[in-house]
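Presented below is the structure to which this report refers.
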Amino acid sequence: MNPAPAFVNWADGALQAPGLQRSEKKLGQLTGIFRDHQAWQKLDPETIVYRVWWWEPVASGTAGGLFWGLTEIQPGRVGNEYFMTRGHWHVIRNRAEFYGTVAGSGKLVLMDRTGHTWAEDMAPGSLHYIAGEVAHRIVNTGDKPIRVIACWPSDAGHDYEVAEGRGFGARILEERGAPILVNAQD
Ligand code: PA5
Ligand code: NI
């Protein structure tokens, strides 16, 4: 059975779909994600960092299907590190994904299997093809929420080992009012 169409407000990415799923991540849930642990501890753990809404038109794990989602990350920083998503690999590593920026500005941090890490600029209209085998994380470097639509395979899955384990090879930090990519060891 083909699912009925859903609705996207292309001006802000808002999604209306049957059975729309949602999750939110507060600062207190993002243990070990930010570099400055002391700065993180001083902030209100109830602060919402990001929300995700997504539509699963087929069952999770279905081979050959697709999901659609919207991520909204609030502006803010922990120390000099901008608010961002945890970031992940796909459980099925070769699964690719599209991200498209609807509003706000940021950086898409990408890491290949060797640990090589780089970033792409995100601004309204930017469309990012995330290849398989590439871990991905969205960083809000602006002063208003960044809203990003995503489309990914329904059997991709999310593996947060990169967020909870050794981490990305580089971070986006604010230096003299501007975002820069800094190697994780620095
Ligand atoms: O599927 C995706 O890649 C996105 O919908 C992300 O899950 C979303 O941006 C939230 O990021 P994370 O899953 O890394 O917490
Ligand atoms: Ni993904």
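From R137, R176, which residue is over 26 Å from L15 (Cβ atoms) and of a type in the set (K, R)?
Values: R137 fails: over 26 Å from L15 (Cβ atoms).
Result of the check over R137, R176: R176.
I'm checking my understanding of the structure. Among residues of the stretch 44-57 that are surrounded by 16 or more Cβ atoms within 10 Å (Cβ to Cβ) and not in a strand (DSSP E or B), which one is farthest from the chain's Cα centre (by Cα)?
P57
Kindly evaluate I149 against the criterion of being open to solvent by 20 Å² or more (accessible area, probe 1.4 Å), among the β-branched types (V, I, T) and within 16 Å of ligand 2 (Cβ to nearest atom).
Working: open to solvent by 20 Å² or more (accessible area, probe 1.4 Å): yes; among the β-branched types (V, I, T): yes; within 16 Å of ligand 2 (Cβ to nearest atom): yes.
It is true that I149 is open to solvent by 20 Å² or more (accessible area, probe 1.4 Å), among the β-branched types (V, I, T) and within 16 Å of ligand 2 (Cβ to nearest atom).
If we keep just the residues of the stretch 152-165 that are within 12 Å of the chain's Cα centre (by Cα) and open to solvent by 20 Å² or more (accessible area, probe 1.4 Å), which is nearest to ligand 2 (Cβ to nearest atom)? Give the steps one after another, and end with the answer.
Looking only at the stretch 152-165, we keep the residues that are within 12 Å of the chain's Cα centre (by Cα), and these are 158, 160, 163.
Among the residues that remain, those that are also open to solvent by 20 Å² or more (accessible area, probe 1.4 Å) are: 158, 160.
Values: H158: 6, Y160: 11 Å.
Checked the stretch 152-165; the qualifying residue nearest to ligand 2 (Cβ to nearest atom) is H158.
For the stretch 30-43, which residues satisfy the criterion of being of a type outside the set (V, I, T) and surrounded by 14 or more Cβ atoms within 10 Å (Cβ to Cβ)? Talk me through it step by step, then tell me what you get.
Within the stretch 30-43, the first condition is being of a type outside the set (V, I, T), and the residues that meet it are 30, 32, 34-43.
Correct list: L30, F34, R35, D36, A39, W40, L43.
Could you grab me the full set of residues in the stretch 71-101 that are of a type in the set (S, T, N, Q) and within 11 Å of ligand 1 (Cβ to nearest atom)? Spell out the reasoning first.
So the first thing to find is which residues in the stretch 71-101 are of a type in the set (S, T, N, Q), and the list is 71, 74, 80, 85, 94, 101.
Across the stretch 71-101, the qualifying residues are T71, T85.
Checking D112 against (1) free of Cβ contacts under 8 Å to residues at least 60 places away in the same chain; (2) more than 20 Å from A184 (Cα to Cα), which single condition isn't satisfied?
Going through the list (1) free of Cβ contacts under 8 Å to residues at least 60 places away in the same chain; (2) more than 20 Å from A184 (Cα to Cα), D112 breaks only (2).
Does Y129 satisfy being surrounded by fewer than 20 Cβ atoms within 10 Å (Cβ to Cβ) and of a type in the set (F, W, Y)?
On the way: surrounded by fewer than 20 Cβ atoms within 10 Å (Cβ to Cβ): yes; of a type in the set (F, W, Y): yes.
Answer is yes for this residue.
Whether any residue in the stretch 140-149 is at pLDDT below 95, within 13 Å of ligand 1 (Cβ to nearest atom) and under 16 Å from T85 (Cα atoms) is what I want to check. Before the answer, list the steps.
Let us first name the residues in the stretch 140-149 that are at pLDDT below 95, namely none.
No, that holds for no residue.
Say we look at the stretch 65-105 and pick out the residues that are of a type in the set (G, A, S) and without any contact (Cβ under 8 Å) to a residue 60 or more places away in the chain; which of these is surrounded by the most Cβ atoms within 10 Å (Cβ to Cβ)? Full working, then the answer.
Of the residues in the stretch 65-105, the ones of a type in the set (G, A, S) are 65, 69, 76, 79, 87, 96, 100, 103-105.
Right, trim to without any contact (Cβ under 8 Å) to a residue 60 or more places away in the chain and you get 79, 96, 100, 104-105.
Values: G79: 16, A96: 15, G100: 17, G104: 22, S105: 19.
Result: G104.
Do you know which of the residues in the stretch 115-133 that are in contact (Cβ under 8 Å) with a residue 40 or more places away in the chain and more than 25 Å from N80 (Cβ to Cβ) is nearest to ligand 2 (Cβ to nearest atom)? Spell out the reasoning first.
Filtering the stretch 115-133 for residues in contact (Cβ under 8 Å) with a residue 40 or more places away in the chain gives 115-119, 132-133.
Add one more test, that the residue is more than 25 Å from N80 (Cβ to Cβ), and what stays is 132-133.
Numbers: G132: 10, E133: 12 Å.
Filtering the stretch 115-133 for residues that are in contact (Cβ under 8 Å) with a residue 40 or more places away in the chain and more than 25 Å from N80 (Cβ to Cβ), the one nearest to ligand 2 (Cβ to nearest atom) comes out as G132.
Go through the stretch 60-71 and count every residue that is small (G, A, S) and outside any loop (DSSP other than H, G, I, E, B).
The initial filter retains those residues of the stretch 60-71 that are small (G, A, S), namely 60-61, 63-65, 69.
Within this subset, residues satisfying the condition of being outside any loop (DSSP other than H, G, I, E, B) are 69.
Matching residues across the stretch 60-71 total 1.
Answer with yes or no whether Q21 is surrounded by 12 or more Cβ atoms within 10 Å (Cβ to Cβ), modelled with pLDDT of 95 or more and under 28 Å from G167 (Cβ atoms).
Working: surrounded by 12 or more Cβ atoms within 10 Å (Cβ to Cβ): yes; modelled with pLDDT of 95 or more: yes; under 28 Å from G167 (Cβ atoms): yes.
So Q21 passes the test.
The values are calculated or read from the model by the stated rules, or taken from the named source; none is laboratory data. Worth saying up front: this structure is predicted, and the values here are computed from it rather than measured. Positions of Cβ are generated from backbone atoms using ideal geometry, with glycine treated the same way; all protein chains shown enter the neighbour counts. SASA here: full protein model, heavy atoms, side chains in, ligands and nucleic acids out. Shrake-Rupley method; radii C 1.70, N 1.55, O 1.52, S 1.80 Å.
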